[in-house]
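Peer 1: Below you'll find the structure I mean.
The values are calculated or read from the model by the stated rules, or taken from the named source; none is laboratory data. Keep in mind it's a predicted model, so treat the numbers as computed, not measured. Note that we place each Cβ from the backbone using ideal geometry, even for glycine, and neighbour counts take in every protein chain shown. Quick note on the areas: whole protein, heavy atoms, side chains included, nothing else; ligands and nucleic acids left out. Shrake-Rupley method; radii C 1.70, N 1.55, O 1.52, S 1.80 Å.
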Amino acid sequence: MKRSGIFWGTVVILAGLILLAFNLDIIQFNVWKVIFPTFIILLGLWFLLGPTLFKTDYPTQELALPLQGAAEAQLTLAHGAGRLDVTGAAAPGQLLSGTFVGGVRHIVETLPGGGLKAKVEAPSDVIFAFPWGFSHRGLHWTVKLTNDVPLRLKVATGASETSLNLRDLRVTELKIETGASSTQVTLPANAGFTTVKVEAGAASMNLVVPQGVAARIHDKSGLSTVNVDPTRFNRMGGLYESPDYATAANRAEIFLESGLGSFDIR
């Protein structure tokens, strides 16, 4: 059995024992205040120790997908686990270009009306792997995306570290599905209207709304901690909203859903 399986199997068993003790009134304090911070500590330890326990080294693959003259595009990045960096705009005429440590698979299809739909994903033998199960090279994607046409973007990650710099892109719809992860997102600065939907597990997420972009934020984050810049976004019941949201040329409507974790929106 791999050491990663032994480690995380032990973590799950310990969490179950703590919950059982709480249900049997053996433990009197609120265990939820303990379990999540403990999980984060263990996650950090495993990030530090993992590279010394595993020596797998994955090949590097280059990929460039042409836009094929499409008027708009839909793209799914199914990364799984590791590190994902979206660093900005691809060359003219390209939907996507990048370097993929760990390999990559892709599917592209044309849509009626001049659209393009693509899915880029990790190979099946590593898509569910943990990033700390790799060497220092790890499963690491560095990607650039089109700014030639409006883009609907879906990003699916697992236990990962993700950075999405979308400032110069024309992303009109962004959906993020993530697990135990750390995610940094900079929204588009000149995309007109952008819808953002975040579905997260035990995640830490920093969301940057560029100056000049108004936002409306819907918080359905359960037990998560949500910190929103009060100098930019006024609280209105269950919403946060920029004072000029109704009239701004560039706007983002953001929906947050999370079990445990934290959001920081600036």
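Peer 1: Is there a residue being in contact with a strand residue (DSSP E or B) (Cβ under 8 Å, 6 or more places away or on another chain), open to solvent by less than 20 Å² (accessible area, probe 1.4 Å) and closer than 30 Å to residue 98 by Cβ anywhere in region 244-251?
Peer 2: no
Peer 1: So, one more: Could you please give the count of residues in region 61-71 that are under 12 Å from residue 93 (Cα atoms) and open to solvent by 70 Å² or more (accessible area, probe 1.4 Å)? Before the answer, list the steps.
Peer 2: Taking region 61-71 first, the residues under 12 Å from residue 93 (Cα atoms) are 64-71.
If we keep only those that are open to solvent by 70 Å² or more (accessible area, probe 1.4 Å) as well, we get 66, 68-69.
Summing the residues that are under 12 Å from residue 93 (Cα atoms) and open to solvent by 70 Å² or more (accessible area, probe 1.4 Å) in region 61-71 gives 3.
Peer 1: Give the residue, chosen from 138, 69, that is at pLDDT below 80 and either within 18 Å of residue 154 (Cβ to Cβ) or assigned to a loop (DSSP other than H, G, I, E, B) (or both). Talk me through it step by step, then tell me what you get.
Peer 2: Numbers: 69 fails: at pLDDT below 80.
Going through 138, 69 in turn, the sole match is 138.
Peer 1: So how many residues does region 98-117 have that are under 21 Å from residue 147 (Cβ atoms), in contact with a strand residue (DSSP E or B) (Cβ under 7 Å, 6 or more places away or on another chain) and surrounded by fewer than 18 Cβ atoms within 10 Å (Cβ to Cβ)?
Peer 2: The number of residues fulfilling the criteria is 7.
Peer 1: Looking only at region 105-122, filter to residues that are in a strand (DSSP E or B) and aliphatic (A, V, I, L, M); which one of those is nearest to residue 78 (Cα to Cα)? I'd like the intermediate steps shown before the answer.
Peer 2: To start, the set of residues in region 105-122 that are in a strand (DSSP E or B) comprises 105-111, 115-121.
From the residues that got through so far, the ones that are aliphatic (A, V, I, L, M) too are 107-108, 111, 116, 118, 120.
On the way: 107: 12, 108: 14, 111: 20, 116: 17, 118: 11, 120: 6 Å.
Here the answer is 120.
Peer 1: Assess whether residue 76 counts as being modelled with pLDDT of 95 or more and either open to solvent by 60 Å² or more (accessible area, probe 1.4 Å) or not in a strand (DSSP E or B) (or both).
Peer 2: Details: modelled with pLDDT of 95 or more: yes; either open to solvent by 60 Å² or more (accessible area, probe 1.4 Å) or not in a strand (DSSP E or B) (or both): no.
Criteria not met by residue 76.
Peer 1: So which of 56, 87 ends up being open to solvent by 50 Å² or more (accessible area, probe 1.4 Å), hydroxyl-bearing (Ser, Thr, Tyr), on the phi < 0 side of the Ramachandran plot and modelled with pLDDT under 95?
Peer 2: Numbers: 87 fails: modelled with pLDDT under 95.
The match here is 56.
Peer 1: Would you pick out the residues in region 192-231 that are in contact with a Pro (Cβ under 9 Å, 6 or more places away or on another chain) and either assigned to a loop (DSSP other than H, G, I, E, B) or at pLDDT below 95 (or both)?
Peer 2: If we filter region 192-231 for residues that are in contact with a Pro (Cβ under 9 Å, 6 or more places away or on another chain), which is where we start, we get 192, 194, 210, 213-214.
Answer for region 192-231, where residues must be in contact with a Pro (Cβ under 9 Å, 6 or more places away or on another chain) and either assigned to a loop (DSSP other than H, G, I, E, B) or at pLDDT below 95 (or both): 192, 210, 213.
Peer 1: Would you point out the residue of region 181-191, among those that are under 18 Å from residue 141 (Cα atoms) and either part of a strand (DSSP E or B) or touching a residue at least 60 places away in the same chain (Cβ under 8 Å) (or both), that is nearest to the chain's Cα centre (by Cα)?
Peer 2: Kept after step one, since they are under 18 Å from residue 141 (Cα atoms), are these residues of region 181-191: 181-186.
Restricting the remaining residues to those that are either part of a strand (DSSP E or B) or touching a residue at least 60 places away in the same chain (Cβ under 8 Å) (or both) gives 182-186.
Details: 182: 7, 183: 5, 184: 8, 185: 8, 186: 12 Å.
Here the residue is 183.
Peer 1: Next up: For region 163-182, give me each residue that is open to solvent by less than 40 Å² (accessible area, probe 1.4 Å) and modelled with pLDDT under 95. Give the derivation first.
Peer 2: Initial filter on region 163-182 (open to solvent by less than 40 Å² (accessible area, probe 1.4 Å)): 163-164, 166, 169, 171, 174, 176, 178-181.
Scanning region 163-182 gives 178, 179, 180, 181.
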